[in-house]
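See below for the structure under consideration.
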Amino acid sequence: MAYKITDACISCGACADSCPVSAISEGDGQYVIDEGACLDCGACADTCPMSAIEA
C-alpha cells in the first residue's frame, strides 16, 4: 500500500527530494504521491518535517 500525504503538508518539497523513484510531485496546494510508482520504502515519511506522510 502506497504512502499518502495528509493535509498537514506545507509543500516544502523535502519528501520529493528524498524519494528514490521520483513518485512525489507538486500537486494542487500540496505534494502528492503516485501510488503506482511508490515503493513503500518510507524515505519520504522519514524526511517530512511535519509528519504529514502516512502509510
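The values are calculated or read from the model by the stated rules, or taken from the named source; none is laboratory data. No experiment lies behind these values; they were computed from the predicted model shown. FYI the Cβ positions are ideal-geometry reconstructions off the backbone, even for glycines, and counts take in every protein chain you see. To get the accessible areas, we keep the full protein, side chains included, count just its heavy atoms, and leave off ligands, DNA and RNA. Shrake-Rupley method; radii C 1.70, N 1.55, O 1.52, S 1.80 Å.
General observations
- When the surface is traced with a 1.4 Å probe over the full set of protein chains, Ser22 keeps roughly 100 Å² accessible.
- Comparing mean-square fluctuations of Asp17, Asp40, Asp28 from a GNM of the chain with C-alpha springs under 10 Å, the top value falls on Asp28.
- Relative contact order of the stretch 1-50, pairs being alpha-carbon contacts under 8 Å that are 6 or more residues apart, as %: 46
- Portion, in percent, of the accessible area of the chain that falls on carbon or sulfur, probe 1.4 Å: 46
- Normalised radius of gyration (Cα atoms, divided by 2.2 N^0.38 Å) for the chain: 0.94.
- At a probe radius of 1.4 angstrom, the accessible area of the chain per residue rounds to 61 square angstrom.
- Label point 7 Å beyond Cα of Leu39 along Cβ direction - residues of the stretch 2-23 with amide nitrogen under 11 Å: 19-23
- Each helix, a run of at least 4 DSSP H residues, gives -39500 (n - 2.57); summed and divided by the residues of the chain, these come to -3500 deg cm²/dmol at 222 nm.
- Ser25, Ser51, reordered so the largest accessible area comes first (probe 1.4 Å): Ser51, Ser25
- Those residues of the stretch 39-54 whose amide nitrogen sits under 13 Å from the label point placed on Ser18, 7 Å along Cα→Cβ: 41-54
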